[in-house]
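Written out below as structure tokens is the structure these notes cover.
The values are calculated or read from the model by the stated rules, or taken from the named source; none is laboratory data. This structure is a prediction, so every number in the text was calculated from the model and none was measured. FYI the Cβ positions are ideal-geometry reconstructions off the backbone, even for glycines, and counts take in every protein chain you see. Side chains included, ligands, DNA and RNA excluded: accessible areas come from the protein's heavy atoms. Shrake-Rupley method; radii C 1.70, N 1.55, O 1.52, S 1.80 Å.
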Amino acid sequence: MTEIRKAKTEYSDGFELKLISSMEKIINAKEPTGEGAEEQLTLLQGETISFQIAYCWTNMRKERAAVRVEAPEGLDVHVRTTELVPCEYPAHMKRDDDYLVTEPGAYPDLLSEVRDCGISLIPGQWKSLWVDLKSTEQTAGGKYTFKISFSVHDELQAEVEQTAEVIPVELPKLPIPHTEWFHSDCLANYYDTEVFSEKHWEIIENFIRTAVERNINMILTPIFTPPLDTAIGGERRTVQLVEVTVKEDGAYEFGYDLFERWVKMCLDCGVEYFEISHLFSQWGAKMAPKIMGWKNGEYVQLFGWDTDAAGKIYGDFLHQFLTSFKAELDRLEIGSRCYFHLSDEPGEKDLQSYEAARNQVAEDLEGYALMDALSDYSFYEKGLVAQPVCAVNHIGPFLEHKVENLWAYYCTAQYEKVTNRFISMPGYRTRILGAMLYKYDLKGFLHWGYNFYNSEYSMYALDPYRCTDAGGSFPSGDAFLVYPGEGGQPEESIRLMMMDEAMNDLRAMHLLEKLAGREAVMECLEPQGGEAVTFDEYPRSISYMTKMRADINEKIRQSVEKQ
């Protein structure tokens with residue numbers, strides 16, 4: 001039986017305080033329910049877990065409070081504020097009932113560092129602090145007690161004392177690739193810097209390090225400017241890592257200095273996989289991506305919207321490039337870590353053009369991993385995509401046919417029944433993803449927006465602190481997981497932390513499977529007499545997620561103690 005431990009709290013008459021789960025979002029200044037607040041605080045070595053301290057100042061006069069943390073050596077306790085962000089487009093008109101809100105407003109998402117001047121106490125409003133507990137691989141097993149206190153004018157108003165137990169076994173690395181598309185051009189736009197200037201490289205590295213820390217182990221690598229979310233005939237700012245030079249005889253020469261720097265930086269940050277940007281245009285592979293190069297001493301566009309993807313000219317270029325690029329991958333010894341894309345989200349009407357594009361590169365990319373996001377099973381059935389990345393609301397036929405190497409993805413179109421991560425959705429709807437990936441033994445997860453700060457079709461750049469819906473195009477939060485903070489440092493979101501917890505759940509499930517077998521894991525996911533976990537039907541509560549992970553941790557503890 002899993003032991004549940006309550007925190008010890010003390011607070012003044014003018015200060016209400018409540019411990020709440022990381023999965024509960026405080027909406028419209030209502031008192032939080034506290035569901036899941038009694039979860040046992042346990043974590044594995046090398047894991048980060050989170051909870052919140054909800055607070056309400058009940059005095060008439062506004063104030064500021066200093067926040068102090070007292071934590072023992074070996075356990076890092078990091079406290080941040082949860083901030084409201086504007087959500088003009090919280091949900092599609094067509095939707096299910098499992099949303100926290102559907103009306104425009106300001107809702108919690110941004111996680112910011114506590115200022116030196118403390119936190120604001122607004123009379124009558126519930127707000128929260130976000131608390132991360134992080135252990136390292138070297139953190140000794142055992143119980144750690146820490147305190148978080150609130151003081152106004154040096155007078156103690158509230159104090160939370162909590163104990164967390166570190167189970168003495170290391171959380172294994174994420175067993176699958178996880179990519180959230182990295183948009184280098186958006187960073188150059190927001191921070192007003194030249195592409196691949198030293199400042200740009202520094203910012204890129206900051207954002208990649210945060211991604212890796214949060215279980216994103218694959219990075220979209222722009223060998224050419226990614227042809228993603230771009231208006232037909234339009235273009236995105238050039239971010240091209242491969243230098244192209246047209247020779248006098250019509251042959252091409254390729255330079256890899258920038259690409260090599262990118263690879264080294266990613267490896268230094270802990271990236272495991274490289275997702276090579278798409279070789280053909282989005283939604284059908286009919287044209288080439290924008291490719292710049294040197295020709296007759298001038299830097300010009302060589303290919304783009306006016307280039308027939310299936311034509312001989314582009315085919316000859318691709319053959320020369322891929323021959324050269326494969327040699328570079330071999331030299332860097334990363335070929336087995338690379339995944340190639342043809343075109344994103346082709347539809348049934350695009351079968352012919354997609355097949356033609358595939359034929360252009362099939363011989364040159366034989367033996368390499370090829371994958372694309374799609375929803376139509378016929379692409380796999382016809383052998384056009386060996387490794388499909390399927391939308392979670394269309395994954396049924398792929399599961400029924402036991403497709404090998406199956407990945408999953410979701411985006412703006414997955415808004416009914418299935419898991420997703422819109423700001424307007426409850427936290428458990430995001431975190432349940434880990435259980436789904438485990439149950440169906442999926443081999444990877446992809447999402448299109450780690451830091452997309454443009455309007456739909458990239459017609460103009462946006463400030464994500466002011467607009468969270470890509471210019472009124474996608475439900476708020478769909479386009480990015482991190483905000484571009486001061487000094488080129490990303491600020492994280494509640495949704496990023498939910499994705500991190502989902503992936504940590506998956507890591508813990510694989511650890512338990514190694515220790516006690518798959519059946520032991522499934523007993524936690526689908527306990528006897530409980531609900532089943534599928535992509536469109538699953539337990540919709542914080543309590544389920546809390547108990548499921550607590551049970552997994554307890555079984556891990558028991559297995560370790562038997563050894």
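Find the strands (runs of 3 or more DSSP E) located wholly in region 235-311 whose residues include 1 or more that are more than 20 Å from residue 339 (Cβ to Cβ) and either at pLDDT 95 or above or among the small types (Gly, Ala, Ser) (or both), and list them.
Numbers: elements: 243-246, 252-255, 273-276, 291-295, 298-303.
So the answer is 243-246, 252-255, 291-295, 298-303.
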Check: How many of the residues making up region 53-91 are closer than 22 Å to residue 21 by Cβ, small (Gly, Ala, Ser) and in a strand (DSSP E or B)?
Finding: 1
Item checked: Number of the condition not met by residue 159 [criteria: (1) without any contact (Cβ under 8 Å) to a residue 60 or more places away in the chain; (2) outside any loop (DSSP other than H, G, I, E, B); (3) of a type in the set (Asp, Glu)] -> (1)
Check: Among 416, 345, 363, which is open to solvent by 10 Å² or more (accessible area, probe 1.4 Å), touching a Lys or Arg at 6+ places or on another chain (Cβ under 8 Å) and either part of a loop (DSSP other than H, G, I, E, B) or modelled with pLDDT of 95 or more (or both)?
Finding: 416
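Any chance you could count how many residues in region 142-157 are open to solvent by 40 Å² or more (accessible area, probe 1.4 Å), touching a strand residue (DSSP E or B) at 6+ places or on another chain (Cβ under 9 Å) and of a type outside the set (S, T, N, Q)? Show your work before the answer.
In the first step, residues of region 142-157 are kept if they are open to solvent by 40 Å² or more (accessible area, probe 1.4 Å); the result is 143, 145, 147, 153-156.
Those still in the list that are touching a strand residue (DSSP E or B) at 6+ places or on another chain (Cβ under 9 Å) too: 143, 145, 147, 153-154, 156.
Next, from what is left, pick out any that are of a type outside the set (S, T, N, Q): 143, 147, 153-154, 156.
The number of residues fulfilling the criteria is 5.
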Check: Can you tell me how many residues in region 366-403 are assigned to a loop (DSSP other than H, G, I, E, B) and touching a residue at least 12 places away in the same chain (Cβ under 8 Å)?
Finding: 13
Check: Which of the residues that make up region 244-266 are without any contact (Cβ under 8 Å) to a residue 60 or more places away in the chain and either open to solvent by 30 Å² or more (accessible area, probe 1.4 Å) or among the small types (Gly, Ala, Ser) (or both)?
Finding: 245, 246, 247, 248, 249, 250, 253, 255, 257, 264
Checklist line | Enumeration of residues in region 177-198 that are surrounded by fewer than 22 Cβ atoms within 10 Å (Cβ to Cβ) and either in contact with a helix residue (DSSP H, G or I) (Cβ under 7 Å, 6 or more places away or on another chain) or part of a strand (DSSP E or B) (or both) | finding: 191, 193, 194, 195, 196
Checklist line | In region 366-388, residue modelled with the highest pLDDT [restricted to those that are open to solvent by 30 Å² or more (accessible area, probe 1.4 Å) and acidic (Asp, Glu)] | finding: 366
Notebook entry, point to check: Residues in region 202-228 that are of a type in the set (A, V, I, L, M, F, W, C) and within 30 Å of residue 314 (Cβ to Cβ): how many?
Noted result: 7
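Looking at region 318-333, which of the residues that are open to solvent by less than 50 Å² (accessible area, probe 1.4 Å) and touching a Phe, Trp or Tyr at 6+ places or on another chain (Cβ under 6 Å) is nearest to residue 245 (Cα to Cα)?
From region 318-333, those open to solvent by less than 50 Å² (accessible area, probe 1.4 Å) are 318, 321-322, 324-326, 328-329, 332; that's our starting set.
Subset that is touching a Phe, Trp or Tyr at 6+ places or on another chain (Cβ under 6 Å): 324, 328.
Working: 324: 13, 328: 17 Å.
By that ranking, first place goes to 324.
Considering only residues that are touching a Gly at 6+ places or on another chain (Cβ under 9 Å) and under 22 Å from residue 234 (Cα atoms), which ones fall in region 310-321?
Taking region 310-321 and keeping what is touching a Gly at 6+ places or on another chain (Cβ under 9 Å), we get 316.
Passing the criteria: none in range.
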Notebook entry, point to check: Just wondering, is there one or more residues in region 458-481 that are within 19 Å of residue 191 (Cα to Cα), among the hydroxyl-bearing types (Ser, Thr, Tyr) and open to solvent by 30 Å² or more (accessible area, probe 1.4 Å)?
Noted result: yes
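Has region 41-51 got any residue that is surrounded by 15 or more Cβ atoms within 10 Å (Cβ to Cβ) and more than 30 Å from residue 172 (Cα to Cα)? Working first, answer last.
Just the residues of region 41-51 that are surrounded by 15 or more Cβ atoms within 10 Å (Cβ to Cβ), to begin with: 41-51.
Now narrow it down to the ones that are more than 30 Å from residue 172 (Cα to Cα): none.
The answer is no; no qualifying residue exists.
Here is a yes/no grid of residues against (1) of a type in the set (Phe, Trp, Tyr); (2) touching a helix residue (DSSP H, G or I) at 6+ places or on another chain (Cβ under 8 Å):
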{"position": "76", "(1), (2)": "no, no"}
{"position": "80", "(1), (2)": "no, no"}
{"position": "89", "(1), (2)": "yes, no"}
{"position": "103", "(1), (2)": "no, no"}
{"position": "109", "(1), (2)": "no, yes"}
{"position": "116", "(1), (2)": "no, no"}
{"position": "135", "(1), (2)": "no, no"}
{"position": "139", "(1), (2)": "no, no"}
Check: Hey, any hits in region 450-462 for a residue that's in a strand (DSSP E or B) and not small (Gly, Ala, Ser)?
Finding: yes
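Going by the conditions given, is residue 517 modelled with pLDDT of 95 or more and surrounded by fewer than 23 Cβ atoms within 10 Å (Cβ to Cβ)? Don't jump to the end; show me each part of the working.
On the way: modelled with pLDDT of 95 or more: yes; surrounded by fewer than 23 Cβ atoms within 10 Å (Cβ to Cβ): yes.
Taking the combined requirement at face value, the residue satisfies it.
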